[in-house]
4 protein chains.
Amino acid sequence: DEALTLIAGPCQLESRDHALMIATRVQEICARTGAQFIFKGSFDKANRTSLSGKRGVGIDEGLRIMEAVKAELGCPVLTDIHTEEQCATVADTIDVLQIPAFLCRQTDLLVAAAKTGAAINVKKGQFLAPWDMPNVIDKITGSGNDRILLTERGTSFGYNTLVADMRSLPQMAASGFPVVMDATHSVQQPGGQGGSSGGQREFAPVMARAAVSLGIASVFIETHEDPDNAPSDGPNMIPLDRMDALVGSLMQFDTLAKADPLRL
Amino acid sequence: DEALTLIAGPCQLESRDHALMIATRVQEICARTGAQFIFKGSFDKANRTSLSGKRGVGIDEGLRIMEAVKAELGCPVLTDIHTEEQCATVADTIDVLQIPAFLCRQTDLLVAAAKTGAAINVKKGQFLAPWDMPNVIDKITGSGNDRILLTERGTSFGYNTLVADMRSLPQMAASGFPVVMDATHSVQQPGGQGGSSGGQREFAPVMARAAVSLGIASVFIETHEDPDNAPSDGPNMIPLDRMDALVGSLMQFDTLAKADPLRL
Amino acid sequence: DEALTLIAGPCQLESRDHALMIATRVQEICARTGAQFIFKGSFDKANRTSLSGKRGVGIDEGLRIMEAVKAELGCPVLTDIHTEEQCATVADTIDVLQIPAFLCRQTDLLVAAAKTGAAINVKKGQFLAPWDMPNVIDKITGSGNDRILLTERGTSFGYNTLVADMRSLPQMAASGFPVVMDATHSVQQPGGQGGSSGGQREFAPVMARAAVSLGIASVFIETHEDPDNAPSDGPNMIPLDRMDALVGSLMQFDTLAKADPLRL
Amino acid sequence: DEALTLIAGPCQLESRDHALMIATRVQEICARTGAQFIFKGSFDKANRTSLSGKRGVGIDEGLRIMEAVKAELGCPVLTDIHTEEQCATVADTIDVLQIPAFLCRQTDLLVAAAKTGAAINVKKGQFLAPWDMPNVIDKITGSGNDRILLTERGTSFGYNTLVADMRSLPQMAASGFPVVMDATHSVQQPGGQGGSSGGQREFAPVMARAAVSLGIASVFIETHEDPDNAPSDGPNMIPLDRMDALVGSLMQFDTLAKADPLRL
């Protein structure tokens, strides 16, 4: 099996310079540790908890930033989309289109994304079982695209809490598609701060390590040089200066896990 | 307090004649029992479990059918919308725009729906706590619309199961907006039949009666003359020929509940 | 169907005079409203959240208090038991032996309680589905006792929260045994105050009314003249001076529900 | 940190020869792989799903078998207790007294177990949050015993399902006491087969590996030479002939985890 792919970046794209600063730093870490790298950034946060939450730089500026990252660093880039209309435009620049968890059953969005031919990363909805994902997969493959990634980002567990069920990783992997652990959002506390979501940043490395030890293809981690002042998801982002140690550690578990695959 | 409003109809609009048949029958029942009536029907099922699930008659035909129901019966009509683009068009005909539960945090959809000036029925997401709804409400009122209904349709409870927490009804009612109990979808078993969702039709009257006894404004019930052969949601729809007894019973509890309001 | 039975009393037995004061007051309310009455009190709280929580008056004093209540008021009495050894002794005085929810699968306790011949009220564990209860019932009937009551007291729902699933009431009633709604403990927040359990007293009447409207046999409500200073379960007990209005209201819903039984 | 401790054995003690056969085999595996070993066996299954489930060899025979295992193999032994009366007797032979999850809040049992001076392994109830465990710990330390182990065995997640929240492992470890992952029972499906509990044996290694990678002290695994014909817990026990590969693999993750402790 191939080495772990790190999908990482800030939650929101903030500016060209900011994106390049983070992407450069994470790319160096990946090069040093042997991880593969996909840069992640959002141009629009379409489902903020409250109307006053910052939405992002918008699609035009977002795509310009992503172009710059690709041109300067040569790494693939991932962003999330929210409407059918965005799909074709975004796919001109973006290598991996991400389907947000709340939207993972919206047939038209899945079909439009699939038809671009880009790779599709579908986040499993907080309301879905791992064994429900084949229905989601079929909407994409049935539209002629089999470049699919499946992401675990936690399941509703009472109110304002998610739980990440480790069984879902091998269960989704049984589909044959690469599985991603979203270590950032699986420790989110949705709505837990009233007007915004809370999070438990300290547990993101717990989720990442447990999942990587199971031999998954990829881990998704949002990072920021100053999470507490980031425009969104601050409570669960990893500080940029801790990424080096974290990724280095994860790669050791990845090497061991890939050499010793789980047999169910 | 006013008498209970029954929001009822088939899951999918099938044809003009079918819609009129059901609406006429339910309107008669409401007239006899003293309930208020809003006719419900969907022109598109945008998040079917699988790609092969029937999607519906489409927006143009759907709106024509709804026009006919309004013209013939004079009752208000409700339908669900899925994209910003649909909002203005649909609002020309439809009295109540319904926001699907999975989409209840999509800011642009909420704002576009709000701006039509139509009444907005927001279904609480399966992943939300009742006390998270003020954030959703604010997106609508912040867009200049305070004609809002809030619907309980169940909360994720483990895999493939929902639970309806009765506390959520008075909790949401504390917002001052009318609260609707969706007796049909709160007994859904999402994904419970592999390629489609299961349901427990026999418990829909349980949910309806418990909720109505708490003095809510409205109950939402999907009905069909032949649920087992309906194009969607068959497992949890109430047979049309049982609606008379059910609504009659609910109105007795409604009368008692409205005369004896709960004080928390 | 018979009129609703109110199982009520303080959480802990405190003294003879205190028990008689509460029992007398609730008996008057039941007489006025037409409810049947069983007096409830605990002699030992065997699973307090913390070691320093008050345990109660003990078995000897507790049984003396219960004797006095029976002698003075002539009503049946209920208490909870925690070990096999207690069963025979307690059953000399007590009409209904209650099996705590955490202990509802302890075979020896169920068998010993059953063999006393007393009526047995089993609380469904927070970790059980309603359809798991036939296994519990069989342990009692298999020991020669078919005087059984089944109590819903909420199910684990994430951390520190319970949810009462209204479907469980008709599901358990399908066994043929009377079903009790524990309106007090189903709104408990286990461990929610660190060293003790929290609660949402304001929702106990919500649970009681919703359940009674479904036609159940009995409702269980703990009450105290000064809940905030009660030795246990204060956060979810109903103040004694609100019981009159509450029971009067519940009896109206009970009358209606018994005249109009739910058909599943 | 010390090497991983494997707590392993059959679910029920069956006979002296059977216990010795399994203990010998697992001890050899531990010696080869560098794991520490505690032999586990139950003399009584006090909370079987149904009355007809096999209960076990009883306390006298069970303790004789455990004596033989200690005498022949020199390893510490663990068994679960269910009443205060059993504690002192059992502690004469047994090194680690285990408190079953359903009983983890029964104060008298915790105190009686604590007072024996034996080590106490408390299983976190399926209805408890990890941050509720300090209250349980205090009942034991407050009785003069600080030789405590804390076990994660899954949390209620809807009906008939458990989920193991990986965050609970570092959360409980923050108490300073060693943490055990029960890989066998966290994949149990309580009541999932009607008259007995189901299980997902194939996921026990998933739970074990994810937890060991987080640097926990111990993993608990039930094993049997013929799980499908074992008297209890067959659906989630690991076949004895797969233990060698499993433990060898876990020790590699343990070595890596102990060299690279998680910092929260």
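The values are calculated or read from the model by the stated rules, or taken from the named source; none is laboratory data. Here the structure is a predicted model, which is why all the values come from computation and not from measurement. Cβ sites come from the backbone with ideal geometry, for glycine too, and all protein chains shown count toward neighbours. The protein model used for the area step is the full one, side chains on, heavy atoms only, and it has no ligands, DNA or RNA in it. Shrake-Rupley method; radii C 1.70, N 1.55, O 1.52, S 1.80 Å.
For the range B:10-23, does any single residue satisfy the condition of being out of contact with any Phe, Trp or Tyr (no Cβ under 6 Å at 6 or more places or on another chain), assigned to a helix (DSSP H, G or I), within 25 Å of B:E152 (Cβ to Cβ) and open to solvent by less than 30 Å² (accessible area, probe 1.4 Å)?
Within the range B:10-23 (the criterion being out of contact with any Phe, Trp or Tyr (no Cβ under 6 Å at 6 or more places or on another chain), assigned to a helix (DSSP H, G or I), within 25 Å of B:E152 (Cβ to Cβ) and open to solvent by less than 30 Å² (accessible area, probe 1.4 Å)), the answer is yes, since at least one residue qualifies.
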- prompt: Given the conditions (1) open to solvent by 40 Å² or more (accessible area, probe 1.4 Å); (2) over 18 Å from D:Q12 (Cβ atoms); (3) touching a residue at least 24 places away in the same chain (Cβ under 8 Å), which single one is not true for D:E225?
  reply: (2)
A:R209 under 20 Å from A:L264 (Cα atoms), charged (D, E, K, R) and part of a helix (DSSP H, G or I): yes
- request: Taking B:G158 as the residue in question, decide whether it is at pLDDT 95 or above and in contact with a helix residue (DSSP H, G or I) (Cβ under 8 Å, 6 or more places away or on another chain).
  value: no
- line: In the range A:191-206, anything in a loop (DSSP other than H, G, I, E, B) and closer than 20 Å to B:N135 by Cβ is listed as A:G191, A:G192, A:Q193, A:G194, A:G195, A:S196, A:S197
field: Per-region count, the range B:29-49, residues assigned to a loop (DSSP other than H, G, I, E, B) and either more than 21 Å from B:C104 (Cα to Cα) or not hydrophobic (A, V, I, L, M, F, W, C) (or both)
entry: 8
- request: Check A:S213 against each of (1) at pLDDT 95 or above; (2) of a type in the set (S, T, N, Q); (3) open to solvent by 10 Å² or more (accessible area, probe 1.4 Å) and name the one condition it does not meet.
  value: (3)
- prompt: Restricted to the range A:216-240, and to residues that are touching a helix residue (DSSP H, G or I) at 6+ places or on another chain (Cβ under 9 Å) and part of a helix (DSSP H, G or I), which residue is modelled with the lowest pLDDT?
  reply: A:G234
message: I'm trying to understand the selection: among the residues of the range A:110-128, which are surrounded by 21 or more Cβ atoms within 10 Å (Cβ to Cβ) and either over 20 Å from B:K123 (Cα atoms) or hydroxyl-bearing (S, T, Y) (or both)?
response: A:L110, A:A113, A:A114, A:A118, A:A119, A:I120, A:N121, A:V122, A:K123, A:K124
- request: Quick one: in the range A:228-238, of everything that is crowded, with 22+ Cβ neighbours inside 10 Å and either within 20 Å of A:T155 (Cβ to Cβ) or of a type in the set (F, W, Y) (or both), which residue is farthest from the other protein chains (Cβ to nearest Cβ)?
  value: A:D233
- line: In the range B:39-58, anything touching a residue at least 60 places away in the same chain (Cβ under 8 Å) and within 11 Å of another protein chain (Cβ to nearest Cβ) is listed as B:K45, B:R48, B:T49, B:S50, B:S52, B:G53
message: Regarding the range C:165-177, can at least one residue be identified that is within 25 Å of D:A129 (Cα to Cα) and within 14 Å of chain A (Cβ to nearest Cβ)?
response: yes
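For D:S52, are the conditions met, namely being surrounded by fewer than 17 Cβ atoms within 10 Å (Cβ to Cβ), of a type in the set (S, T, Y) and at pLDDT below 95?
yes
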- line: Residue pairs qualifying under the 6 Å Cβ cut-off, at least six apart or on distinct chains, with the first in the range A:133-144 being closer than 11 Å to A:A114 by Cβ and of a type outside the set (S, T, Y) and the second being modelled with pLDDT under 95 and surrounded by fewer than 21 Cβ atoms within 10 Å (Cβ to Cβ), are A:D138/B:L51; A:K139/B:L51; A:G142/B:L51
message: Any residue that is open to solvent by 10 Å² or more (accessible area, probe 1.4 Å) and within 26 Å of D:A19 (Cβ to Cβ) - is there at least one of those in the range D:158-172?
response: no
task: Could you list all residues from the range D:121-135 that are farther than 12 Å from D:F177 by Cα and more than 9 Å from every other protein chain (Cβ to nearest Cβ)?
output: D:K123, D:K124
task: Being open to solvent by 30 Å² or more (accessible area, probe 1.4 Å) and either among the small types (G, A, S) or more than 16 Å from the chain's Cα centre (by Cα) (or both) is the filter here, so list the residues in the range D:173-199 that pass it.
output: D:A173, D:A174, D:S175, D:G176, D:Q189, D:G192, D:Q193, D:G194, D:G195, D:S196
message: Exactly one of these conditions fails for A:T107: (1) under 30 Å from A:A245 (Cβ atoms); (2) within 14 Å of chain B (Cβ to nearest Cβ); (3) open to solvent by less than 20 Å² (accessible area, probe 1.4 Å). Give me its number.
response: (1)
message: So C:D254 ticks every box in (1) surrounded by fewer than 19 Cβ atoms within 10 Å (Cβ to Cβ); (2) in contact with a strand residue (DSSP E or B) (Cβ under 9 Å, 6 or more places away or on another chain) but one. Which box is left unticked?
response: (1)
field: Pairs where the first residue, in the range B:193-206, is within 15 Å of B:N47 (Cα to Cα) and more than 7 Å from chain C (Cβ to nearest Cβ) and the second is modelled with pLDDT of 80 or more and assigned to a loop (DSSP other than H, G, I, E, B), C-beta under 7 Å, 6+ apart
entry: B:G195/B:T49; B:G195/B:S50; B:S196/B:T49; B:S196/B:S50; B:S196/B:G53; B:S197/B:T49; B:S197/B:P190; B:S197/B:G191
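Among the candidates B:A114, B:A68, single out the residue that is farther than 16 Å from A:Q106 by Cβ and away from chain A (no Cβ under 12 Å).
Residue meeting the stated conditions: B:A68.
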- prompt: From the list A:G62, A:G58, A:G41, which one is among the small types (G, A, S) and out of contact with any Gly (no Cβ under 9 Å at 6 or more places or on another chain)?
  reply: A:G58
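Condition check: closer than 22 Å to A:L78 by Cβ, away from every other protein chain (no Cβ under 11 Å), of a type in the set (D, E) and surrounded by fewer than 22 Cβ atoms within 10 Å (Cβ to Cβ). Does A:D244 satisfy that? Steps first, answer last, please.
On the way: closer than 22 Å to A:L78 by Cβ: yes; away from every other protein chain (no Cβ under 11 Å): yes; of a type in the set (D, E): yes; surrounded by fewer than 22 Cβ atoms within 10 Å (Cβ to Cβ): yes.
Yes, satisfied.
Looking at D:L256, D:L250, D:L264, can you tell me which residue is within 11 Å of chain A (Cβ to nearest Cβ) and part of a loop (DSSP other than H, G, I, E, B)?
Within the list D:L256, D:L250, D:L264, the selection yields D:L264.
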